1. Out of Pro10, Thr269, Ile83, whose Cα points farthest toward the positive end of the dipole of the chain (charges: +1 Lys, Arg; -1 Asp, Glu; placed on Cβ)?
2. Using the Cα centre as the reference, give the magnitude of the dipole from point charges on the C-beta atoms of the chain (Lys, Arg: +1; Asp, Glu: -1; all else neutral), rounded to the nearest 20 debye.
3. List, in order, the whole-Hz ³J(HN,Hα) value for each residue of region 40-49 obtained from phi through the Karplus relation with A = 6.51, B = -1.76, C = 1.60 and θ = phi - 60°; use x for Gly and Pro.
4. By the gyration tensor of its Cα atoms, with a ≥ b ≥ c the square roots of the eigenvalues, what is the shape of region 176-233: rounded for a/c under 1.5, prolate for a/b over b/c, or oblate?
5. Based on alpha-carbon positions alone, could you give the equivalent ellipsoid semi-axes of region 136-240 from the gyration tensor, as √(5λ), descending, whole Å?
6. In sequence order, what are the phi-derived ³J(HN,Hα) couplings for region 236-246 according to the Karplus relation 6.51 cos²θ - 1.76 cosθ + 1.60 with θ = phi - 60°, rounded to whole Hz, with x for glycine and proline?
7. Quick one: compute the contact order of the chain, relative version, from alpha carbon pairs under 8 angstrom and 6+ residues apart, as a percent.
8. Which helices, taking whole DSSP H runs in the chain, have alpha carbons extending 24 angstrom or more along the helix axis plus mean Kyte-Doolittle at least -0.5?
Amino acid sequence: MKTVNWDRKPLGAVADLCLGKMLDQNKNRGDLFPYLANVNVRWGEFDLNDLRTMRFEAHEMERYGLKFGDIMCEGGEPGRCAIWRDQLPGMMIQKALHRIRPKELLDYQFLFYNLLHIGKTKQFDQYFTGATIKHLPGEKLAKVEVDIPPLPIQRRIAGILSSYDELIENSQRRIKILEAMARALYREWFVHFRFPGHESVPRVPSPLGDIPKGWEVKTVADAFEISGGGTPSRKVEAFWEGGTIQWYSPSDLTGAGTMFMDDSSDHITNEGLAQSSARMFPARSVMLTSRATIGAIAINTQPACTNQGFITCLPNDRVPLYLQFHWLKENVPTYQRMASGATFKEISRGVFKTIEFLQPTDDLSEKFEATAAPMAEQILAPPTPNPKTSAAPAICCCRGCCWGRWTSQRRPHDHVPRLRHQL
């Protein structure tokens, strides 16, 4: 189908916009109803755990209530939005959220993907107000221009992207199962000491209590090498412009929440690397966030470096990759307990090196690695595409971003304009 010229109109002209109700326990009257706050809206989904309630009167039900197909958009991070599909009855909205209700000429799913794309590509930025805390008021949101192709094309685009969303969601469920299996195996062998053949291995005293004979209590410093990071000056364009070196910040890991990271949001140049404290480490190292948000952990699949909010751990023959990864995951409470700092908590590399590490026998480490590695490699392997969607070349994403290798790793991707040329 040939390319067409799509209309673009202000969002306020093609959708009804409404902010939620201000929370005021002293003034609010009526009956208690659950409501969505900004924390409940994720990228493409809702977190309906720990919903709070607020009083609403009968005349407010229409104004602050939700209908199937409404799009909820967060005002402080526009583009973070999700479609309401009547997940729970009687749901209302709080003031921090924009309710976007498309009019007849707009398909709600198409508008949802369009808004995600606008958010991921930072096209909302020009509408922000506030110097320190950015905010997108309703009158500014109404001015945001959105694409308006013919409805059949909107629905076709939405159908393609929805299919990819389903594929991603299936992949995420599969990944969680595989990660849980590997974690359970680690705990069984190295926490509860019920490893293969454990019945014939006597326990001996150690600083950590009784441990299997042949195991050693070491410090991190004696068990494996660690590395830190740094940030090139943001004021020097040459350190960043055109950079190809992966440079991770904690938000990359906390935003993705996956075991593997294929790429970072920011990249630096060789000059930026040379003129900063950032240090390269090889692919398949284990990155641990060590400042503010302590304990986000992921494995990089490409050589990379990080900012100063990380401790990166380098596997070796005696502490191979997946043994190290699961040991780090298992001991997150330890890092958080040992962290210090007045403004924000941090565990320094010096303190981290003193943590005790229980070194299993080499045979058992190798056996665990041989068992855990195939599970992890399945996480890296992309699932088989849906035949209905595989005809969309180079569009490996939806939700406004490319989530590398079908994980939730986010990377801005200009898919909507591409679709123009495929329809």
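Each reported figure results from applying straightforward, stated rules to the coordinates on display, with no laboratory input. Being a predicted model, the structure only gives us computed values, none of them experimental. Don't worry about glycine lacking a Cβ; one is built from the backbone with ideal geometry, like all the others, and counts go over all protein chains shown.
1. Highest projection toward the positive end goes to Pro10.
2. Charge dipole, the chain, about its Cα centre: 860 debye, nearest 20.
3. Here the 3J(HN,Hα) series is 8, 9, 10, 6, x, 7, 10, 9, 9, 7 Hz.
4. Working: a/c = 3.90, a/b = 1.49, b/c = 2.62.
Oblate is the answer for region 176-233, as a/c is 1.5 or above yet b/c matches or exceeds a/b.
5. 53, 28, 12
6. Values, residue by residue: 9, 4, 5, 7, 10, 4, x, x, 10, 8, 5 Hz.
7. On the way: 787 pairs, mean separation 72.5, N = 423.
That works out to 17 percent.
8. Details: long enough: 151-186 (52 Å, -0.08); 362-380 (26 Å, -0.21).
Within the chain the helices that satisfy the rule are 151-186, 362-380.
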